[in-house]
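For reference, the structure discussed in these notes is given below.
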Amino acid sequence: MLSDTHPNALWLADLYQGGAAITTDLSLSEEERVNKLHEHTAEVMGRMSPDMVIHTGGVRLATTGGMDFMRRYMKRRAGLADANVEPVQFDQILADDHYGIVHGTFRTSRGDWTWTRVGLGAWRFKDGVAVEHWELSDGPTWDEFFLAGDPDAFTGSAQEFWTRGV
């Protein structure tokens, strides 16, 4: 049964809420914030399989890839936004030995465009390690937002879009 106290739920809470707490901690200098975020990322990635699979958001930009793709995707996604998928509020973080969900409100912005939406992250676990992740959001708006952030018209595959220049 999914619960908010299962070890996988606690890891998900740390993954999402821990990073959000660092991002919004006004007592940190920019250098301290960057260092703490790098440390936090390294720590949570220690519970991700080296064979991790991610299913990205979007319709036109939806794709699937492994850990190397995920790192490049995260960097590219951050580069297409001023504020990249910031958690605003968490409604539920639940997990069991096999699956986990994170349901909440997220915000992404670039220039004058702030996109706030309810989203869901779904996770699959094996032997206490995250092995698969799905980003579930408003696919057409996801595509519109991130495609508009690219200064050059793009006609390739979603995989090519997310790895371009990174």
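The values are calculated or read from the model by the stated rules, or taken from the named source; none is laboratory data. Keep in mind that what you see is a predicted model, and the values were worked out from it rather than measured. Glycine also receives a Cβ, built like all others from the backbone with ideal geometry; neighbour counts cover every protein chain displayed. Accessible surface areas use protein heavy atoms only, side chains included; no ligands, DNA or RNA. Shrake-Rupley method; radii C 1.70, N 1.55, O 1.52, S 1.80 Å.
Odds and ends about this structure:
- Restricting Val102, Val85 to those that are touching a residue at least 12 places away in the same chain (Cβ under 8 Å), assigned to a strand (DSSP E or B) and on the phi > 0 side of the Ramachandran plot reduces the list to Val85.
- Tally, over segment 106-152, of residues that are among the acidic types (Asp, Glu) and either in contact with a strand residue (DSSP E or B) (Cβ under 6 Å, 6 or more places away or on another chain) or assigned to a loop (DSSP other than H, G, I, E, B) (or both): 6
Yes/no per residue for (1) within 14 Å of the chain's Cα centre (by Cα); (2) open to solvent by 70 Å² or more (accessible area, probe 1.4 Å):
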residue: Asn35; (1), (2): no, yes
residue: Arg47; (1), (2): no, no
residue: Val53; (1), (2): yes, no
residue: Tyr73; (1), (2): yes, no
residue: Gly79; (1), (2): yes, no
residue: Asn84; (1), (2): yes, no
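- Evaluated against (1) surrounded by 19 or more Cβ atoms within 10 Å (Cβ to Cβ); (2) in contact with an Asp or Glu (Cβ under 6 Å, 6 or more places away or on another chain); (3) of a type in the set (A, V, I, L, M), Val102 falls short on exactly one condition, (2).
- Any chance His133 is open to solvent by 30 Å² or more (accessible area, probe 1.4 Å) and either within 27 Å of Met67 (Cβ to Cβ) or aliphatic (A, V, I, L, M) (or both): no
- For His40: the one exception among (1) of a type outside the set (Asp, Glu); (2) free of Cβ contacts under 8 Å to residues at least 40 places away in the same chain; (3) surrounded by fewer than 16 Cβ atoms within 10 Å (Cβ to Cβ); (4) under 26 Å from His6 (Cα atoms): (3)
- Residues located in segment 55-71, provided they are more than 12 Å from the chain's Cα centre (by Cα), buried (at least 17 other Cβ atoms within 10 Å of the Cβ) and not aliphatic (A, V, I, L, M): Gly58, Thr63, Gly65, Phe69
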